[in-house]
Amino acid sequence: MSSPLSNPGQFWDQRYGESDWAYGQEANDFLRQQVERLPPGDALCLAEGQGRNAVHLARLGHRVTAQDLSAVGLGCARQLAEQAGVSLETVCSDLADFCPETASVDLVVAIWMHLPLPLRAVVHRRAVAALRPGGHLILEAYTPDQLALATGGPPSLELLVEPEALRLELAGLELLVFNPCRRMIHEGPYHQGESAVIQVLARRP
């Protein structure tokens, strides 16, 4: 298989083209916990892959746009949405080129968005700008401690997130939850076991 760094489009197309759902069909549990307290609105899911988080939001009444680099992944997302009886807008785009409109959404979701610096910082700044006043961001990412655990996530330090660097990248948001932790994750064949992560719920004032 190609590398997520050298040829990310090919890597994700191959992964999402496998017979099993790479990360399952259920939404990320941190997302499920946090979104319960938020009213439905316009939601943007970045690096959404096969659509499990976007479909969960749509079931809750959000109007969801799912962005991903992989056309194969977004095809799975549309299939999952059809099975659930909900609709999604999908955008097949490289995050380097994707720039959502300023103050256009109420919620941005970035679950396991694996990007190298400085692109990650640019994407986070764009995500902050895309939020309307009172809008929220929900994020979960693997930290460098994940390399020693090898239970999921990218095997490259360049794609892992230092919590304090992330704090700077999210400048302008009120951090309601900012939780570097170790937790058990069970999401399809590729995320299984104790994992080192950073969890964020943030609000734009």
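The combined condition, being charged (D, E, K, R) and modelled with pLDDT under 95, is fulfilled by Arg37.
Scanning segment 180-202 for residues that are surrounded by fewer than 16 Cβ atoms within 10 Å (Cβ to Cβ) and farther than 25 Å from Asp20 by Cα turns up Cys181, Arg182.
Taken over segment 113-145, the criterion of being more than 16 Å from Leu168 (Cβ to Cβ) and either polar (S, T, N, Q) or touching a Pro at 6+ places or on another chain (Cβ under 9 Å) (or both) is satisfied by His114, Ala130, Pro133, Gly134, Tyr142, Asp145. Only residues that are free of Cβ contacts under 8 Å to residues at least 60 places away in the same chain and either surrounded by 17 or more Cβ atoms within 10 Å (Cβ to Cβ) or out of contact with any helix residue (DSSP H, G or I) (no Cβ under 8 Å at 6 or more places or on another chain) (or both) were counted across segment 16-28, and they come to 3. Out of segment 87-97, which residues are among the acidic types (Asp, Glu) and either crowded, with 17+ Cβ neighbours inside 10 Å or not in a strand (DSSP E or B) (or both)? Across segment 87-97, the qualifying residues are Asp94, Asp97. Can you find a residue that is modelled with pLDDT of 95 or more, within 23 Å of Ala129 (Cα to Cα) and not small (Gly, Ala, Ser) anywhere in segment 71-85? No, segment 71-85 contains no residue that is modelled with pLDDT of 95 or more, within 23 Å of Ala129 (Cα to Cα) and not small (Gly, Ala, Ser). Pick from Thr151, Thr102, Thr143: which is of a type outside the set (A, V, I, L, M) and loosely packed, with under 13 Cβ neighbours inside 10 Å? Exactly one of Thr151, Thr102, Thr143 is of a type outside the set (A, V, I, L, M) and loosely packed, with under 13 Cβ neighbours inside 10 Å, namely Thr102.
The values are calculated or read from the model by the stated rules, or taken from the named source; none is laboratory data. Because the structure is a prediction, the values reported are computed rather than measured. Neighbour counts run over all protein chains shown; Cβ positions are idealised from the backbone, glycine included.
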